[in-house]
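Here's the structure, in structure tokens; my notes come after.
The values are calculated or read from the model by the stated rules, or taken from the named source; none is laboratory data. Just so we're clear, the structure is a prediction, and the values are computed from it rather than from any experiment. For neighbour counting, all protein chains shown are included, and Cβ atoms are generated from backbone atoms with ideal geometry for every residue, glycine included.
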Amino acid sequence: MQQRTINRVLTGVTGAALAGMLVGGVAAASHDDSAPQPDKLLAQQQDMAAQQNKAPKKDTASKTLAESRSKAASKDEKSKPSAAKKKADDGPKAILSGTTTASYFWDDGSGINGDTGAPASGKPMQKGLFASPSWPLNTKVKVTYHGRSITGFIGDRGPGAPSHDGVMLDLDTYTFRYLLDGEKPDSKYDAGTGEGHLQGVKWQVLSWGSGPGTKGDPQPLG
């Protein structure tokens, strides 16, 4: 009986010792420095999330910048007028055009070469002063021949009888000679060429004058 009592005591002591060892092991494990701590895990997770979000944000910023540059370039291109449009907008547009045979004159009232007096418009004879049998005086007209052009105005009446044969413009000697070959006349009264007429001269009415006359296609004098 004494031996049985001793065995029970030993069993109790052994059990208590084993239980203490287990508790100690758990506590030691919970304080092991090698085990990740909650704060450290949170910091690592935050770092990983920041790295993952950083790359997409950079890509988005680059994409936005590229799109902005593309839109700006497109806007600049649209704001620039095309060469064809710019060329078409240069100068006034013709309100009436056609072709005719043109002669030349210089009438300054000096009586030279049968002058009949000063131009009907009251403006002195000059380069770019043309005569028409019917258009309103001071009408602005552009004439073109073989690629050369001169812009002038209707300052006198004429030609006379030739207008009934289709000669609907009288040009000053400087304009006539320039259209013919780009040269200058021998004098104000002489174009300096054997040519007395230019056939197929293109005319363009740019604006009608306020003086006497009739708008529209030219009509023979009288």
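Remarks
- The one condition in (1) more than 14 Å from Thr101 (Cβ to Cβ); (2) of a type in the set (A, V, I, L, M, F, W, C); (3) crowded, with 23+ Cβ neighbours inside 10 Å that Val143 fails to fulfil: (1)
- Residue list for region 171-191, restricted to those being farther than 19 Å from Ser149 by Cα and either surrounded by fewer than 14 Cβ atoms within 10 Å (Cβ to Cβ) or under 43 Å from the mean Cα position of the chain (by Cα) (or both): Asp186, Ser187, Asp190
- Considering region 193-222, and only residues there that are modelled with pLDDT of 95 or more and among the hydroxyl-bearing types (Ser, Thr, Tyr), the residue that is surrounded by the fewest Cβ atoms within 10 Å (Cβ to Cβ) turns out to be Ser210.
- Restricting region 178-198 to residues that are outside any loop (DSSP other than H, G, I, E, B) and touching a Phe, Trp or Tyr at 6+ places or on another chain (Cβ under 8 Å) leaves a set whose member that is nearest to Tyr104 (Cα to Cα) is Leu198.
- Of the residues contained in region 199-209, none is found to be assigned to a loop (DSSP other than H, G, I, E, B), over 23 Å from Leu96 (Cα atoms) and among the hydrophobic types (A, V, I, L, M, F, W, C).
- Restricting region 146-170 to residues that are among the small types (Gly, Ala, Ser) and surrounded by 17 or more Cβ atoms within 10 Å (Cβ to Cβ) leaves a set whose member that is nearest to the chain's Cα centre (by Cα) is Gly152.
- Any hit, region 114-133, residues being closer than 15 Å to Gln199 by Cα, touching a residue at least 40 places away in the same chain (Cβ under 8 Å) and surrounded by fewer than 19 Cβ atoms within 10 Å (Cβ to Cβ): no
- Taking the criterion of being in contact with a Lys or Arg (Cβ under 8 Å, 6 or more places away or on another chain) and farther than 23 Å from Pro136 by Cβ, the residues of region 180-217 that qualify are Gly182, Glu183, Lys184, Pro185, Ala191, Gly192, Thr193.
- Count of residues meeting criterion [at pLDDT 95 or above and aliphatic (A, V, I, L, M)] in region 84-119: 4
- Checking Val167, Val205 one by one, the residue that is out of contact with any Gly (no Cβ under 6 Å at 6 or more places or on another chain) and farther than 22 Å from Ala118 by Cα is Val205 and no other.
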